[in-house]
Protein chains: 4
Amino acid sequence: MPENSGEKFNDLGLGTKTSSDTQRSLNKDGSFNIEKINVPFSERVNFYHSLVTMSWIKFFVLLVSGYFFANLIFATIYMMIGVEHLTGISGITNAEKFLEAFFFSSQTLTTLGYGRIAPVGTLASSVAAIESMIGLLSFALATGLLYGRFSRPVAKIKYSNHAVIAPYKDINAFMFRVVNPRDNQLIEIEVSVTLSMKKKDSQQRDFFSLALERPKVNFFPMTWTIVHPINLSSPLINFTHEDLIEKNAEFIVLMKAFDETFSQIVYSRSSYKASELKWGEKFVYVIHEANESITVDVGRMDETEKAELNKVSV
Amino acid sequence: MPENSGEKFNDLGLGTKTSSDTQRSLNKDGSFNIEKINVPFSERVNFYHSLVTMSWIKFFVLLVSGYFFANLIFATIYMMIGVEHLTGISGITNAEKFLEAFFFSSQTLTTLGYGRIAPVGTLASSVAAIESMIGLLSFALATGLLYGRFSRPVAKIKYSNHAVIAPYKDINAFMFRVVNPRDNQLIEIEVSVTLSMKKKDSQQRDFFSLALERPKVNFFPMTWTIVHPINLSSPLINFTHEDLIEKNAEFIVLMKAFDETFSQIVYSRSSYKASELKWGEKFVYVIHEANESITVDVGRMDETEKAELNKVSV
Amino acid sequence: MPENSGEKFNDLGLGTKTSSDTQRSLNKDGSFNIEKINVPFSERVNFYHSLVTMSWIKFFVLLVSGYFFANLIFATIYMMIGVEHLTGISGITNAEKFLEAFFFSSQTLTTLGYGRIAPVGTLASSVAAIESMIGLLSFALATGLLYGRFSRPVAKIKYSNHAVIAPYKDINAFMFRVVNPRDNQLIEIEVSVTLSMKKKDSQQRDFFSLALERPKVNFFPMTWTIVHPINLSSPLINFTHEDLIEKNAEFIVLMKAFDETFSQIVYSRSSYKASELKWGEKFVYVIHEANESITVDVGRMDETEKAELNKVSV
Amino acid sequence: MPENSGEKFNDLGLGTKTSSDTQRSLNKDGSFNIEKINVPFSERVNFYHSLVTMSWIKFFVLLVSGYFFANLIFATIYMMIGVEHLTGISGITNAEKFLEAFFFSSQTLTTLGYGRIAPVGTLASSVAAIESMIGLLSFALATGLLYGRFSRPVAKIKYSNHAVIAPYKDINAFMFRVVNPRDNQLIEIEVSVTLSMKKKDSQQRDFFSLALERPKVNFFPMTWTIVHPINLSSPLINFTHEDLIEKNAEFIVLMKAFDETFSQIVYSRSSYKASELKWGEKFVYVIHEANESITVDVGRMDETEKAELNKVSV
């Protein structure tokens, strides 16, 4: 993570040229507005990535249709060999025979093997032997992926809809609020905030790493308000809301934590555009402390209220 | 981990307001006294987390009842199709037929497939084909979770019941003792201790990171006594036991280590309230060195004995 | 990672002696030109490593032939016991019987168990019981390896074919370009570049860690040009292209990143020889910014164009 | 890892008292000479740890006997229910019946299910349904452990049998040599060396972190000689071999690396006693550079030769 130094640097790995005033580098959900073209298919595609990140519906459709087509193919092969090499086939028409071959195939692929229908002779037995091996291997891949998807650590950190410019001690500060809605504990959470702004009279962007009041916490069981004090060394000093909108400012957030349930490092990212900034508001207090325990009202984490800003003269 | 600097900071991710004098931020077992409310179900629940952290009994009850109900559902489907589409059914009453359908279902779900009972006809065969696929997928999830639970790294670091204020060189020190009761080796163990105290005449809390004599060790094969020397820069200087109790002091401990068996980073946390502090006692020595090996008597790790504190004048 | 300090050190773990002028320490694909001899087999071989890194074709050939030979062995055992202990064998000649025993074995190894052929008697049943257990264990290993290979994180960072010496501000710089062709997001990417050069009048090599304009970026969604400014503290200052070729210079690159799909740290390495350096050229701009999104033309990432170098007088 | 600072500290997590002159803290294989006693069984034992670290022979004996006893138990249950509830039983004596029940159980536990023997009636079918579920779960654990053992990353770094005190520049140095005998690449290798010595006229030990010429390398494809220069700030300055033996000196080594095959951090540790030190010898050069590649003769890594030490006057 970059040190929280307010220092200016050229690049965040996001390019420095900008052509549009409303463009956003990072979408709210953490994805990038960037498309790579002319990448050879073999270099671009990683099947594991695709299979693990596609939607659950797509994944199951793929599984079921894969199962269906595999049985279709093997049923055809058994038909070509001749279903007389399968015992217990009782169908008379070709369609009936095909259906029985299809179900025999499904019983072989899943290594179910009722045996009511069973292969006789070298050719049918060979195909069945190969099919059961393919079945074991492909179901292992499918179930591995199923479990891999299920057990993949994904930080679901929830960001407040808006960031605010609120009074802070005797100056003001840029603030936003995050919460971990899950029951999973996150430990050693680090955060970095980078400000991207259009250079004056130029299509180039500048990036500033914003110094935070506290770039790291050990625990994260309640809401956490991340604070960048707008002191004399802040790049935000002397800017009005209109300035930031005009400069197409974007606050890019990267969080990193250790997820105790998954025993792994997780990342989360989001961004705030200048237009998502509430100037002169502060977050309402959502923590209620009862006698022996503390309650956090996550439902109100987006709520803000008017707050008079401190006058800071430079 | 925060540097061990005795420096004061506002927040540990645990909030700064406090309303009760006996409240504790962190329970002895490392869980938090904090409840999040109004979190939408879909954002709060992570099935993997729930299934991996529930008790073993609950997990097995879930498995067995899942297996039972799945068979119940499929048995009902086979009954609706008509058990005449299953060969080998010998029952006469509906109850008998249902039981046989139930067991046929169990033989299909586990891909056992004896074949004494086997499906005939398109409909029953289709249901069996689908059931065997569902069986493979769900047992893969179940067994993956079983293994995931079994192989999940959890640091079981054992903390002494009490912390002590004991003499240390020519001053005094806050000390507690830890041991890894397991045979697993922990490597590169880091520890941080944070002191939480109520502000004077306020409902706010202050947090102090306590400077440790040694915040990290490479190996952890025996007991380790963690020592915060109460020197002039310590926030504990000049405080009596009564002061700490009155200020509702809490020592929050976070440990981090690499578990060699699991090849993963593990965390452990606990806390000591002022009331769990023994003032003017020290831990008894529990290491016995024989000729060629060393013995650590873990059973006596909580034992302390009176020890006269050094007078420190400021 | 070494600090980017331009400091000279003796060794990169690559030895300091050199005997050939064209020798390269690190191949383009990141492998080393180094062979270890006289390592006892048991110390050298790690089966997991071999099975996970071999080609897919080799892996499948191994799987299929393992399956084939296991069935061959068990078929032989059943023949020795006598196929009369298997029900349902209909073959007359020994060859026919062997084939049926072979397929019975395959149905046992995969736990398919049609039951058309089944063992009778203690000996045949025992062998079948053992075979099914071996089958479960070996297929678990095979499918585990299959999934392990499939889900292994490998950073496929693409390096520009050539590095360039291009103008940079009012001096010049050593630059090369990298892109992540995959859809996987890489986060917190670190890079280190080490220059290896032959010492004057000696067979020894010197290693220099090159100071980079930016040794780390948070995100890597587009191309990234890595820049080593040739300022007064650079070891490249005052060298011509001919000097570098004569000194057998090699730029050794190590990249490290967190792969979000695999939730793991990945490494990538490559190298540029002096002969792969384009002197006085710069990379063409391949990023096209449309209204709402950005397009990166990866197909042109190797393209360079003439660029007049700055005169730097020392 | 501790900084390589030659600084003296009290403890390495290994205790500071010593009672025997020949005692060694760390065995050559990295295990500790330490026994913990009076640890409650439930706190001490971690089944995963035990099952993953036991020898392969023990593991397979456990697997096979587990399989055997499970079948024994279920066979007994089927006998108690009455084998008349299993179709296809042909045995006449109780022993024969028990054997058939035993093999039927094995076919159920592995979900093989030939069906030659199959359960009839509620009770036998229920037991079979439960057994097949237990079979799926236990074989999943067994095969998970099998694969977990197989794919567990273990750094097999090979240490030279002896360390040497050899001439180094115009002073002398403590050196030892390591090599990675495996084909796995290790990346970003860090090393720390700690010297343990008995205090004068005391049973206490002092620990010194030794400053290394190079505490980290990026790559480790050949042998690596780890060098602690005995300069004026070294705790070894002015000591003779006899001094070190008398002080029961022990050099404790901890190495840490990223294993590229397993995508995980691995640790290795070892130690050298003063008696395993060759005074006034140096390691022979084992790297042979041919035209296009480099050969490392690992078989000679322990070889040393006489080398006159530099006179260092303090």
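Residues are listed down the side, and each one gets a yes or a no for (1) more than 17 Å from A:M133 (Cα to Cα); (2) in contact (Cβ under 8 Å) with a residue 40 or more places away in the chain; (3) in a helix (DSSP H, G or I); (4) not aromatic (F, W, Y):
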{"position": "A:H49", "(1), (2), (3), (4)": "yes, no, yes, yes"}
{"position": "A:V52", "(1), (2), (3), (4)": "yes, yes, yes, yes"}
{"position": "A:V61", "(1), (2), (3), (4)": "yes, no, yes, yes"}
{"position": "A:Y67", "(1), (2), (3), (4)": "no, yes, yes, no"}
{"position": "A:M80", "(1), (2), (3), (4)": "yes, no, yes, yes"}
{"position": "A:I92", "(1), (2), (3), (4)": "yes, no, no, yes"}
{"position": "A:E100", "(1), (2), (3), (4)": "yes, no, yes, yes"}
{"position": "A:T111", "(1), (2), (3), (4)": "no, no, no, yes"}
{"position": "A:R116", "(1), (2), (3), (4)": "yes, no, no, yes"}
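Within segment D:75-115, count every residue that is closer than 26 Å to A:T110 by Cα, of a type outside the set (A, V, I, L, M) and in contact with a helix residue (DSSP H, G or I) (Cβ under 9 Å, 6 or more places away or on another chain).
13
Looking at segment C:109-138, which of the residues that are at the interface with chain D (Cβ under 8 Å from one of its Cβ atoms), touching a Phe, Trp or Tyr at 6+ places or on another chain (Cβ under 9 Å) and of a type in the set (G, A, S) is nearest to D:A140 (Cα to Cα)?
Filtering first and then ranking leaves C:A129.
Considering A:F251, A:F262, A:F219, A:F239, which residue is under 20 Å from A:I157 (Cα atoms), surrounded by 15 or more Cβ atoms within 10 Å (Cβ to Cβ), aromatic (F, W, Y) and modelled with pLDDT of 90 or more?
Values: A:F262 fails: modelled with pLDDT of 90 or more; A:F219 fails: modelled with pLDDT of 90 or more; A:F239 fails: under 20 Å from A:I157 (Cα atoms).
Exactly one residue qualifies, and that residue is A:F251.
Being over 18 Å from D:P167 (Cβ atoms) and assigned to a loop (DSSP other than H, G, I, E, B) is the filter here; which residues of segment D:215-231 pass it?
Within segment D:215-231, D:P215, D:F220, D:P221, D:M222, D:T223 qualify.
Taking B:E96, is it outside any helix (DSSP H, G or I) and without any contact (Cβ under 8 Å) to a residue 40 or more places away in the chain?
No: the conditions fail for B:E96.
Under the condition of being at the interface with chain D (Cβ under 10 Å from one of its Cβ atoms) and within 22 Å of C:L63 (Cβ to Cβ), which residue from segment C:83-108 is surrounded by the most Cβ atoms within 10 Å (Cβ to Cβ)?
Out of the qualifying residues, it is C:Q107.
Can you name the number of the only condition in (1) free of Cβ contacts under 8 Å to residues at least 60 places away in the same chain; (2) not assigned by TED's automatic domain parsing to the domain that holds B:F59 that B:K169 fails?
B:K169 satisfies every listed condition except (1).
Need at least 2 residues that are within 10 Å of another protein chain (Cβ to nearest Cβ) and touching a strand residue (DSSP E or B) at 6+ places or on another chain (Cβ under 8 Å) per element, so show me which strands (runs of 3 or more DSSP E) inside segment B:139-206 make the cut, counting only ones lying wholly within it.
Output list reads B:186-198.
Filter segment A:218-244 for residues that are away from chain B (no Cβ under 14 Å), touching a residue at least 60 places away in the same chain (Cβ under 8 Å) and among the aliphatic types (A, V, I, L, M) and give the result.
Residues satisfying the conditions are A:I230, A:L232, A:L236, A:I237.
I need the full set of residues from segment D:246-304 which are among the hydroxyl-bearing types (S, T, Y), away from chain C (no Cβ under 14 Å) and under 25 Å from the mean Cα position of the chain (by Cα), in order please.
Within segment D:246-304, D:Y267, D:S270, D:S271, D:Y272, D:S275 meet the criteria.
Among (1) in contact (Cβ under 8 Å) with a residue 12 or more places away in the chain; (2) under 20 Å from C:P167 (Cβ atoms), there is one condition C:E260 misses while meeting the rest; what is its number?
All conditions pass for C:E260, except number (2).
Filter segment C:25-72 down to the residues that are among the hydroxyl-bearing types (S, T, Y), more than 7 Å from every other protein chain (Cβ to nearest Cβ) and under 18 Å from D:E260 (Cβ atoms) and list them by number.
C:S25, C:S31, C:S50, C:S55, listed by residue number.
Can you tell me which residue is farthest from C:I117 (Cα to Cα) among those in segment C:24-62 that are at pLDDT 95 or above and surrounded by 14 or more Cβ atoms within 10 Å (Cβ to Cβ)?
C:F59
Does A:K247 count as touching a Lys or Arg at 6+ places or on another chain (Cβ under 6 Å), over 30 Å from B:Y48 (Cβ atoms), basic (K, R) and in contact (Cβ under 8 Å) with a residue 24 or more places away in the chain?
Working: touching a Lys or Arg at 6+ places or on another chain (Cβ under 6 Å): yes; over 30 Å from B:Y48 (Cβ atoms): yes; basic (K, R): yes; in contact (Cβ under 8 Å) with a residue 24 or more places away in the chain: yes.
For A:K247, the condition - touching a Lys or Arg at 6+ places or on another chain (Cβ under 6 Å), over 30 Å from B:Y48 (Cβ atoms), basic (K, R) and in contact (Cβ under 8 Å) with a residue 24 or more places away in the chain - is met.
Please indicate, with yes or no, whether at least one residue in segment A:20-43 is touching an Asp or Glu at 6+ places or on another chain (Cβ under 9 Å) and assigned to a helix (DSSP H, G or I).
no
The values are calculated or read from the model by the stated rules, or taken from the named source; none is laboratory data. Remember, it's a predicted structure, so these values are computed and weren't measured experimentally. With ideal geometry, Cβ positions are generated from the backbone for all residues, glycine too; neighbour counts draw on all protein chains shown.
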